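The values are calculated or read from the model by the stated rules, or taken from the named source; none is laboratory data. Just so you know, these numbers come straight off a predicted model, no measurement behind them. Cβ atoms come from the backbone with ideal geometry, glycine included; neighbour counts cover every protein chain shown. Keep in mind that these areas ignore ligands, DNA and RNA; they rest on the heavy atoms of the full protein, side chains included. Shrake-Rupley method; radii C 1.70, N 1.55, O 1.52, S 1.80 Å.
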Amino acid sequence: MTVYLHEGDLPDGLNLGAEVAVDSETMGLRFRRDPLCVVQLSAGDGDAHVVRLDRPAYDCPNLKRLMADRGVLKIFHFGRFDIGMVELHLGVETGPVYCTKIASKLARTYTDRHGLKDVARELAGIDLSKAQQSSDWGATELSQAQLEYAASDVLHLHVIKDRLNAMLVREGRMELAQACFDFLPTRARLDLAGWDEMDIFAHS
């Protein structure tokens, strides 16, 4: 595993391919209280790029361009939150997107365990450590443990996506999954607009 730490933005000319695994780290889980601190990416080649963002300016044109690039599929696990954070702080709509958590819920109906740790263990044979999940991502310097944690969250998403896709196709749910992925940026905008705790599709 190789981790590249970039301060503020991705390097000019960096090509991560047509599918990029993406995750983010924040100071908490509330959109307007907790800032976006780190974005990590992987092309599925065993390398991870960890960008420690320049707050509050968020001057990162290369990262913004990548997130909005319609020719690059962004792979998330629980993309709803990351997509919302990117739109709120970077001012761009992320797309197109794929969410392994949504795919897992549609494909792995034999379990209620759809966290990344459980999905990675079953589908990729990887035991992820979550020890740094609640650490200080706004720190001036990130520790090696934080970097390794951030990298681990994106290094295996390509493999997980491929194996979930095989299950979705087998069960005849690929079209339904794609419709959910297409809707995800809208779901994130609903969160940002104040409907984060309400299911507007529910009867009551």
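Any residue in the stretch 37-65 that's without any contact (Cβ under 8 Å) to a residue 40 or more places away in the chain and of a type in the set (Ser, Thr, Tyr): show its pairings with residues that are assigned to a loop (DSSP other than H, G, I, E, B) and surrounded by fewer than 16 Cβ atoms within 10 Å (Cβ to Cβ) at Cβ separation under 6 Å, as long as the two are six or more apart or on different chains.
That search, which allows pairs on different chains as well, returns nothing.
Looking at (1) at negative phi; (2) among the small types (Gly, Ala, Ser); (3) surrounded by fewer than 20 Cβ atoms within 10 Å (Cβ to Cβ), find the lone condition where Ser24 falls short.
Of the numbered conditions (1) at negative phi; (2) among the small types (Gly, Ala, Ser); (3) surrounded by fewer than 20 Cβ atoms within 10 Å (Cβ to Cβ), the odd one out for Ser24 is (3).
Restricting to the stretch 103-121, name every residue that is of a type outside the set (A, V, I, L, M, F, W, C), under 11 Å from Met167 (Cβ atoms) and surrounded by 15 or more Cβ atoms within 10 Å (Cβ to Cβ). Before you say what the answer is, go through the steps one by one.
Taking the stretch 103-121 first, the residues of a type outside the set (A, V, I, L, M, F, W, C) are 104-105, 108-115, 117-118, 121.
Add one more test, that the residue is under 11 Å from Met167 (Cβ atoms), and what stays is 104, 108-110.
The answer is Ser104, Arg108.
In this structure, is Ala68 in contact (Cβ under 8 Å) with a residue 12 or more places away in the chain, within 18 Å of the chain's Cα centre (by Cα), open to solvent by 10 Å² or more (accessible area, probe 1.4 Å) and farther than 14 Å from Gln40 by Cα? Full working, then the answer.
On the way: in contact (Cβ under 8 Å) with a residue 12 or more places away in the chain: yes; within 18 Å of the chain's Cα centre (by Cα): yes; open to solvent by 10 Å² or more (accessible area, probe 1.4 Å): yes; farther than 14 Å from Gln40 by Cα: yes.
Here the answer is yes, as Ala68 does meet what is asked.
For the stretch 109-128, what are the residues that are touching a helix residue (DSSP H, G or I) at 6+ places or on another chain (Cβ under 7 Å) and assigned to a loop (DSSP other than H, G, I, E, B)? Break it down stepwise before answering.
So the first thing to find is which residues in the stretch 109-128 are touching a helix residue (DSSP H, G or I) at 6+ places or on another chain (Cβ under 7 Å), and the list is 114, 116, 119-120, 123-124, 126-128.
Once the filter is applied, which keeps residues that are touching a helix residue (DSSP H, G or I) at 6+ places or on another chain (Cβ under 7 Å) and assigned to a loop (DSSP other than H, G, I, E, B), the stretch 109-128 yields His114, Ile126, Asp127, Leu128.
Out of the stretch 155-204, which residues are in a loop (DSSP other than H, G, I, E, B), open to solvent by 60 Å² or more (accessible area, probe 1.4 Å) and at pLDDT 95 or above? Explain how you work it out, then say what you get.
Residues of the stretch 155-204 in a loop (DSSP other than H, G, I, E, B): 156, 171-173, 196-204.
Filter once more, keeping what is open to solvent by 60 Å² or more (accessible area, probe 1.4 Å): 171-173, 196-201, 203-204.
Matches in the stretch 155-204: Glu171, Gly172, Arg173.
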